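Novice: Encoded as structure tokens, here's the structure I'll be asking about.
The values are calculated or read from the model by the stated rules, or taken from the named source; none is laboratory data. Being a predicted model, the structure only gives us computed values, none of them experimental. Cβ atoms come from the backbone with ideal geometry, glycine included; neighbour counts cover every protein chain shown.
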Amino acid sequence: MESKRKKTKIIKDIKVDTKKCVGCRACEIACSAFHATPKYSSLNPARSRIMVVMDETRDIFVPIRAGEYTQAECNGRNRYVIDGKEYDECTFCPASCPSRGAFREPDSGLPLKCDMCENDPPVEVPMCVDACTFDALIYEEREEEVEEVKEKREDDMELAFKSLVKKHGLKKVKDTFARLSKG
Ligand code: SF4
Ligand code: SF4
């Protein structure tokens, strides 16, 4: 059964100004360093939770932050046309999805998701924003009243955990969580 009550939550967001992005990929490097184990021990954009989609011939650079893991390919794909060029239907998708390799931890294959650089003590601004000297990434915080659905959230987490175990095996998932929790 669900118990609902209102609470105020700080919503963190990062806006992107694609006109300012030059494709330097400093954001990818900063994110990968922050999430390395131990922290800052390696720089590997393949481990980044932000990916800069590039079309260098047209000077188009779009930083995408990793979103939710999806168990299956979606069937509601979008098409994007920018300056007359049609982009691949998955090009700007933030999901870690079985149909492509984006946003996967390279060693374990586990999905990566932007966590807004949650840390103890908290960071002032997320690493990717801090690293972007071109002001293409703009950090925003706003207060929102949200319904707290405690039990549903727990159910969702359990479902997500089960789906990871089903796909990768319990040992691999446990090993990865143990490694990440040391970071
Ligand atoms: S650091 Fe900023 S300018 Fe460089 S690729 Fe990332 S978003 Fe673009
Ligand atoms: S907010 Fe943090 S976790 Fe998310 S993409 Fe930026 S650096 Fe990576």
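Novice: So Pro63 ticks every box in (1) surrounded by 13 or more Cβ atoms within 10 Å (Cβ to Cβ); (2) under 28 Å from Lys174 (Cβ atoms) but one. Which box is left unticked?
Specialist: Here Pro63 meets the rest and fails (2).
Novice: Still on this structure, please answer the following. Checking the structure you have, find out if any residue of the range 77-98 is polar (S, T, N, Q) and more than 25 Å from Ile11 (Cβ to Cβ). Walk me through how you get there before you give the answer.
Specialist: Initially, the range 77-98 is screened for residues polar (S, T, N, Q), giving 78, 91, 96.
Among the residues that remain, those that are also more than 25 Å from Ile11 (Cβ to Cβ) are: 91.
Yes, the range 77-98 has at least one match.
Novice: Let me confirm something: among Cys97, Cys74, Cys132, which residue is within 29 Å of Cys21 (Cα to Cα), modelled with pLDDT under 85 and not acidic (Asp, Glu)? If you could, list the steps in order and put the result at the bottom.
Specialist: Details: Cys97 fails: modelled with pLDDT under 85; Cys132 fails: modelled with pLDDT under 85.
Going through Cys97, Cys74, Cys132 in turn, the sole match is Cys74.
Novice: I want to confirm something. Restricting to the range 29-64 and keeping residues that are of a type in the set (D, E, K, R) and touching a residue at least 60 places away in the same chain (Cβ under 8 Å), which single residue is farthest from ligand 1 (Cβ to nearest atom)?
Specialist: Looking only at the range 29-64, we keep the residues that are of a type in the set (D, E, K, R), and these are 39, 47, 49, 55-56, 58-59.
So of that shortlist, the ones also touching a residue at least 60 places away in the same chain (Cβ under 8 Å) come out as 39, 47, 49.
Numbers: Lys39: 19, Arg47: 16, Arg49: 12 Å.
That would be Lys39.
Novice: Is there any pair with a first residue in the range 102-114 that is on the phi > 0 side of the Ramachandran plot and a second that is within 16 Å of ligand 1 (Cβ to nearest atom) and at pLDDT 90 or above whose Cβ atoms are under 6 Å apart and which are 6 or more apart or on different chains, and what are they?
Specialist: Sorted first by the residue in the range 102-114, then by its partner, the pairs are Phe103/Ala66.
Novice: Then there is this: Please work out if Ala72 is under 17 Å from Phe34 (Cβ atoms) and out of contact with any strand residue (DSSP E or B) (no Cβ under 8 Å at 6 or more places or on another chain). Even if it seems obvious, please write down each step before you answer.
Specialist: Details: under 17 Å from Phe34 (Cβ atoms): no; out of contact with any strand residue (DSSP E or B) (no Cβ under 8 Å at 6 or more places or on another chain): yes.
So Ala72 fails the test.
Novice: Could you grab me the full set of residues in the range 101-114 that are surrounded by 14 or more Cβ atoms within 10 Å (Cβ to Cβ) and in a loop (DSSP other than H, G, I, E, B)?
Specialist: Initially, the range 101-114 is screened for residues surrounded by 14 or more Cβ atoms within 10 Å (Cβ to Cβ), giving 102-105, 108, 110-114.
The answer is Ala102, Phe103, Glu105, Ser108, Leu110, Leu112, Lys113, Cys114.
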